[in-house]
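Novice: I am attaching a structure below and will ask some questions about it afterwards.
Bear in mind that the values in this text are calculations on the coordinates, not laboratory data. Note that the structure is a prediction, hence the values are computed from the model and not measured. Backbone-built Cβ (ideal geometry, glycine too); neighbour counts: all protein chains shown.
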Amino acid sequence: MSTEDRAIVEIYTDGACSGNPGPGGWGVVLRYGTHERELHGSDAATTNNKMELTAVIEGLAALTRPVPAVRVHSDSSYVLNGITKWLPGWKRNGWRTAAKQPVKNAELWQRLEAECARHGDIQWQWVKGHSGHVENERADRLACRGRDEAR
């Protein structure tokens with residue numbers, strides 16, 4: 001691992017939901033060099049998209065001070081497209097979609113944007129879910145633990 005790579009905080013996230021809506025959970029694996037931390041939580045009545053967003057928010061919020069470089073890994077196209085493509089248009093349109101409908105989960109998107117603003121460079125990395133990616137599988141197990149606790 002190069003010195004540059006060690007300076008990056010890696011955040012692996014996942015959400016899980018039984019039914020949509022239904023009981024859900026989120027999971028996060030944080031890594032900085034050799035240090036790791038796992039987080040998970042739940043909601044008794046939620047959606048998968050909310051849990052995917054919450055995982056990223058909670059992962060970033062767990063960083064106690066601003067970090068110059070963060071790489072967020074997610075298997076959620078909804079999260080990655082939202083933060084990298086759709087967010088500027090939603091804000092420009094007063095938190096409405098191109099079809100003039102209110103943005104779903106706007107409060108979570110606003111929280112995510114605020115967490116992102118606390119840190120330096122954030123890189124967004126898509127990971128194929130349930131494909132054997134070790135950290136994504138760990139985040140999935142944590143999310144499922146949260147979901148099971150919500151039942």
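Novice: Where the centre of each part is set by its Cα atoms, how far does the stretch 92-151 sit from the stretch 1-66, in angstrom?
Specialist: Taking the Cα centre of each part, the stretch 92-151 and the stretch 1-66 sit 8 Å apart.
Novice: Can you compute the FRET efficiency between ALA62 and VAL134 using 1/(1 + (r/R0)^6), with r the Cβ-Cβ distance and R0 = 22 Å? Round to the nearest 0.05.
Specialist: Numbers: r = 20 Å, r/R0 = 0.91.
Approximately 0.65, to the nearest 0.05.
Novice: Counting only C-alpha contacts under 8 Å and six or more residues apart, can you give the relative contact order of the chain as a whole percent?
Specialist: Details: 322 pairs, mean separation 53.5, N = 151.
Computed over the chain, the figure is 35 percent.
Novice: What Kirkwood hydrodynamic radius do you get for the chain when you take the inverse of the mean 1/r over all pairs of distinct Cα atoms, in Å? Could you put the intermediate results ahead of the total?
Specialist: On the way: mean 1/r = 0.0643 Å⁻¹.
Evaluated over the chain, this radius sits at 15.6 Å.
Novice: Taking the Cα centre of the chain as origin, sum charge times position over the Cβ atoms of Lys and Arg (+1) and Asp and Glu (-1), and report the length of that vector in debye to the nearest 20. Intermediate results must be reported in sequence, preceding the final value.
Specialist: Working: 20 positive and 19 negative charges, 121 e Å.
The calculated dipole for the chain is roughly 580 debye.
Novice: Further, regarding this structure: Which far-off residues, 5 or more places away or on another chain, put their amide H under 5 Å from the one on ARG96, with H placed in the peptide plane?
Specialist: VAL103
Novice: Here is a further query. Please figure out what share of the DSSP beta bridges in the chain is antiparallel and state it in percent, rounded to the nearest 5. Mind showing how you got there, number by number?
Specialist: Working: 19 of 30 bridges.
Of those bridges, close to 65 percent are antiparallel.
Novice: Grab the DSSP H runs of the chain that are 4 residues or longer, score each as -39,500 (n - 2.57), total them, divide by all residues and round the 222 nm result to the nearest 500 deg cm²/dmol.
Specialist: Values: 6 runs with 58 residues, N = 151.
That comes out to -11000 deg cm²/dmol.
Novice: Please identify every one of the trypsin sites (Lys or Arg not before Pro) in the stretch 76-107 that sits in a loop by DSSP and has no more than 16 other beta carbons within 10 Å of its own beta carbon.
Specialist: Values: sites: LYS85, LYS91, ARG92, ARG96, LYS100, LYS104; in loops: LYS100, LYS104.
Answer by residue number: LYS100, LYS104.
Novice: Could you work out which residue, out of ARG118, ARG141, ARG65, moves most in a Gaussian network model of the chain, that is, has the largest mean-square fluctuation with Cα springs under 10 Å?
Specialist: Its mean-square fluctuation being the largest, the pick is ARG65.
Novice: Out of GLY22, GLY82, GLY120, any idea which swings most in a Gaussian network model of the chain, alpha carbons joined below 10 Å?
Specialist: Of GLY22, GLY82, GLY120, the most mobile in the Gaussian network model is GLY120.
Novice: What is the gain in length, in nm to one decimal, between ARG96 and ARG31 on full extension, counting 0.36 nm per residue of separation less the C-alpha to C-alpha distance? Display every interim value, and only then the final one.
Specialist: Details: separation 65, 0.36 × 65 = 23.40 nm, distance 3.52 nm.
This chain segment gains 19.9 nm when fully extended.
Novice: Still on this structure, please answer the following. Could you list ARG147, ARG138 so that the one with the fewest beta carbons within 10 Å of its beta carbon is first and the one with the most is last? Walk me through the intermediate numbers first.
Specialist: On the way: ARG147 25, ARG138 17.
Placing the least packed residue first, the sequence is ARG138, ARG147.
Novice: Mind checking which of TRP109, GLN123, ALA44 is farthest towards the positive end of the chain's charge dipole, using Cβ charges of +1 (Lys, Arg) and -1 (Asp, Glu) about the Cα centre?
Specialist: Farthest along the dipole direction, towards plus: TRP109.
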